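Below you'll find the structure, written out as structure tokens, and then a few comments.
Readers should treat all values here as calculations from the given coordinates under stated rules, not as data from a laboratory. Keep in mind the model is a prediction, meaning the values are calculated, not measured. Reconstructed Cβ throughout: ideal geometry from the backbone, glycine too, with neighbour counts over all protein chains shown.
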Amino acid sequence: MAQQESVVDRIDALRQAIADHNHHYYVLDAPIVSDAQYDRLMVELQALEQAHPDLITPDSPTQRVGAAPLAAFGSVRHAVPMLSLGNAFEADEVSAFDRRVQETLRGAGMLAADEQVVYQAEYKFDGLAISVRYENGRLVQAATRGDGQTGEDVTSNIRTLRSLPLTLRGDFPDVLEVRGEVLMTRADFEQLNQKQLERGEKIFVNPRNAAAGSLRQLDPRITASRPLRFYAYGWGQMTRRTRTDDQHTAVLDWFETLGLPVSPRRERVIGIDGLLDFYDRTGSLRDELPFEIDGVVYKVNSLAAQDVLGFVARAPRFALAHKYPAQEETTRLLGIEVQVGRTGAITPVARLEPVFVGGVTVTNATLHNEDEIRRKDVRIGDTVIVRRAGDVIPEVVGPVLDLRPDDAACFVMPLSCPVCGSAIERPEDEAIARCSGGLFCAAQRKQTLLHAVSRKALDIDGLGEKLIDQLVDSERVKSLADLFSLTLDELSRYERMGKKSAENLVAALQKARHPALDRLLYALGIRHVGETTARALAQYFGSLEAVIKADEDTLLGVPDVGPIVARSIVRFFSEPHNLDVLNALQQTGVQAQAVQPSDNKNTLALSGKTVVLTGTLPVWTRDDARRHILAAGGKVSGSVSRKTSYVVAGDQAGSKLARAHDLGVPVLDEAGLKDLLGFSED
DNA sequence: GATCCTCGAGTTCC
DNA sequence: CTCGAGGATC
């Protein structure tokens with residue numbers, strides 16, 4: 001008997017401890033035991049319950065994953081309807097909302113003439129709205145929003161969320177319907193997808209879909225394995241309010257004392273200025289939050305005032321959702337075309353039904369390569385999710401499988417180049433397919449020319465895609481050298497070429513006849529020779545002739561040149577066609593400026609240092625900063641590593657700054673960089 | 001041989 | 001910016 005007693009006590013103690021640890025881990029975000037210790041408690045409890053099945057209760061933590069899979073979700077009628085919120089995108093819509101609230105409250109004598117309304121401002125999570133019902137402190141039911149009146153019964157799935165207590169603590173009311181959002185953090189989402197990938201299961205396109213998919217599992221064991229969180233922001237039926245206060249914020253504070261995870265940021269703000277300020281501050285934090293939000297929500301903080309304001313149709317008049325421009329939208333994938341790049345790389349491009357996302361209308365997006373299309377499983381005719389996040393370049397995230405039409409077609413890589421008809425080849429171990437036509441292919445010739453005249457190469461202004469198209473199509477220009485024999489008169493005959501434009505172009509060509517050696521080398525478009533390698537070659541050899549004469553062994557002596565790059569260079573200069581072009585260039589008076597192979601390297605301020613730039617600097621552009629660093633003997637790199645000497649961070653610095661902190665790399669601002677470079681400040 | 005780091009190449013819209 | 005792949009390093 002006594003032994004039985006102690007088993008009961010032990011089981012109680014274990015359950016209490018596990019609930020406590022869940023609370024610390026998920027709600028307070030401050031775990032007090034290790035995962036291993038937690039697991040040991042759980043294992044002990046399971047063992048005891050197995051030995052004494054009669055002691056198992058439904059709110060034991062072992063019973064989070066309860067019964068067998070469901071055949072279908074039942075439906076639940078909400079005791080108090082789950083409403084949607086009015087939406088605003090623009091500041092003047094928010095002003096109008098605030099004005100209406102003021103008028104109503106003044107009319108009811110609840111707001112003095114010169115008084116501002118007090119609001120609670122909070123995140124609008126991008127997840128799923130859920131209502132969780134507690135009776136006598138026990139979790140008895142959970143439902144989705146559904147149509148607002150009736151939702152789906154997801155009780156057994158919601159019970160598996162460890163952040164949600166199965167029993168409330170403290171001074172709880174008899175009946176409490178907690179309203180909140182189920183979501184997945186970005187980090188958990190990434191991890192889940194990683195796991196799905198390893199197991200060969202389908203990956204989710206974004207945290208929201210992952211959360212929705214996880215919650216809509218008929219087998220709660222699957223839901224239990226998914227890292228879902230819950231944040232409370234409101235309530236439905238509630239038999240008693242806090243006795244102390246009559247404020248929205250106070251009710252949520254009270255929820256916290258009941259052990260419920262409450263929306264982590266809720267500020268009291270005053271008047272329209274407070275609202276818009278919160279919107280702006282949150283907007284600049286948005287990309288760094290651990291979860292995704294699609295806006296913020298404002299609620300009149302006084303509950304008495306909320307009652308007075310009441311409801312219109314299906315939305316409360318006391319609350320408003322202020323949304324950020326969508327970073328993701330869905331649209332239709334009309335087709336997949338291929339582009340031919342300078343090196344012959346065949347890039348599939350998605351043609352999209354125009355869609356407004358992230359502030360611009362997107363019609364095209366790269367799909368990178370065949371593997372990428374397969375990995376994302378996008379098909380022509382699919383409804384796809386398009387994202388245009390912090391970075392500028394739109395991206396097809398993935399298909400909405402539920403909306404896939406029966407006739408959706410897979411992309412097939414063409415066998416021959418759409419421009420020149422040459423075979424398209426893809427080496428076994430490479431991701432990229434290439435047109436084998438070389439410079440026989442007009443697309444490759446055009447891209448090669450565009451590359452040669454680009455800003456970082458010969459920097460010839462006034463030679464855009466349109467003109468190059470015409471020059472190449474008319475066969476007037478077959479190689480880089482032909483550009484330099486263009487005359488004012490013949491240029492004027494091309495479309496959209498006025499006299500002034502033609503003069504400008506001829507002047508730009510004249511200026512480009514004496515490029516720095518590294519620019520010329522880069523302009524030639526030798527495979528594997530980019531800006532950095534071109535500079536290294538120029539430094540090492542000093543003249544174009546020396547580079548042409550160099551054999552593979554000599555080239556291997558150049559920093560950052562290995563066998564593949566060396567072979568590529570030798571091959572380029574042994575190609576008769578390329579030598580012809582170089583001769584022709586010389587004929588038209590193009591002569592690279594010789595470079596002094598430098599040896600004063602170690603005397604400069606930034607010799608041997610690697611600097612990474614991130615964010616927007618207050619005065620200099622990125623390119624200014626780059627040039628100054630190079631001039632001081634430093635290198636500029638794109639990614640932060642342990643070898644990075646400094647990170648120069650400007651406004652809106654992102655992941656690189658975080659990584660710098662992680663690795664203990666010194667961080668400078670623009671002024672710090674200028675100090676280092678010996679610029680005087682004034 | 002593995003791992004880390006850096007470079008090259010391709011990309012969208014206005 | 002992001003990938004893929006070449007080069008350097010241990």
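Each residue of segment A:307-324 was assigned a 3J(HN,Hα) from its phi angle through the Karplus expression (A = 6.51, B = -1.76, C = 1.60, θ = phi - 60°), giving 4, 5, 5, x, 10, 10, 6, 10, 9, x, 8, 9, 9, 8, 9, 9, 9, 8 Hz with x at Gly and Pro. Less than 5 angstrom separates the built amide H of A:K635 from those of A:K609, A:T610, A:V611, all sequence-distant by 5 or more or on a different chain. When the pairs A:K195/A:K323; A:K446/A:K635; A:K446/A:K499; A:K376/A:K466 are compared against a 26 Å limit on Cα-Cα distance, A:K195/A:K323; A:K446/A:K635; A:K376/A:K466 fall above it. Note that segment A:223-232 has calculated 3J(HN,Hα) couplings of 4, 4, 7, 9, x, 8, 10, 9, 10, 7 Hz, one per residue in order, obtained from phi through the Karplus relation 6.51 cos²θ - 1.76 cosθ + 1.60 (θ = phi - 60°); glycine and proline are x. Amide H contacts of A:A345: A:C435, each under 5 Å away and 5 or more positions distant or on a separate chain (H built 1.01 Å from N in the peptide plane; Pro and chain starts excluded).
Rounded to the nearest 10 degrees, the angle from helix A:499-511 to the longest Cα principal axis of chain A is 80 degrees.
Find the all-direction average of the projected area of the Cα convex hull for segment A:291-417, expressing the result in square nanometres with one decimal place. Can you show the working numbers first?
Numbers: hull surface 45.3 nm².
One quarter of the hull surface, i.e. the mean projection, equals 11.3 nm².
Extents of segment A:490-546, taken as max minus min of Cα coordinates on every principal axis and listed largest first, are 43, 21, 16 Å. Calculated [222 nm] ellipticity per residue, helices only, for chain A: -10500 deg cm²/dmol; basis is -39500 (n - 2.57) per DSSP H run with n ≥ 4, divided by all residues, nearest 500. Rounded to the nearest 20, the Cβ-based charge dipole of chain A about its Cα centre (Lys and Arg +1, Asp and Glu -1) stands at 800 debye. Backbone geometry of segment A:376-387 corresponds, through the Karplus equation with coefficients 6.51, -1.76 and 1.60 at θ = phi - 60°, to 3J(HN,Hα) couplings of 7, 6, 9, 10, 5, x, 5, 8, 10, 8, 10, 10 Hz, x marking Gly and Pro.
Put simply, the amide H of A:Q237, placed in the peptide plane, has neighbours under 5 Å in A:V80, A:E177, leaving out anything fewer than 5 places away on its chain. Computed over chain A, the alpha-carbon pair-distance distribution with 20 angstrom bins reads 13, 36, 31, 17, 3, 0, each value a whole percent. With the charge dipole of chain A set up from +1 on Lys and Arg Cβ and -1 on Asp and Glu Cβ about the Cα centre, the Cα lying farthest toward the positive end among the listed residues A:T239, A:T361, A:L128 is that of A:T361. A protection proxy built from the mean count of other Cβ atoms within 10 Å ranks the segments A:463-476, A:161-174, most packed first, as A:161-174, A:463-476. On a 0 to 90 degree scale, rounded to 10, what angle separates helix A:531-541 from the longest Cα axis of chain A? It works out to around 40 degrees.
The angle between the Cα long axis of helix A:622-631 and the longest principal axis of the Cα atoms of chain A comes to about 50 degrees, rounded to the nearest 10. With the convex hull of the Cα atoms taken as the outline of segment A:328-382, the averaged projected area works out to 4.1 nm².
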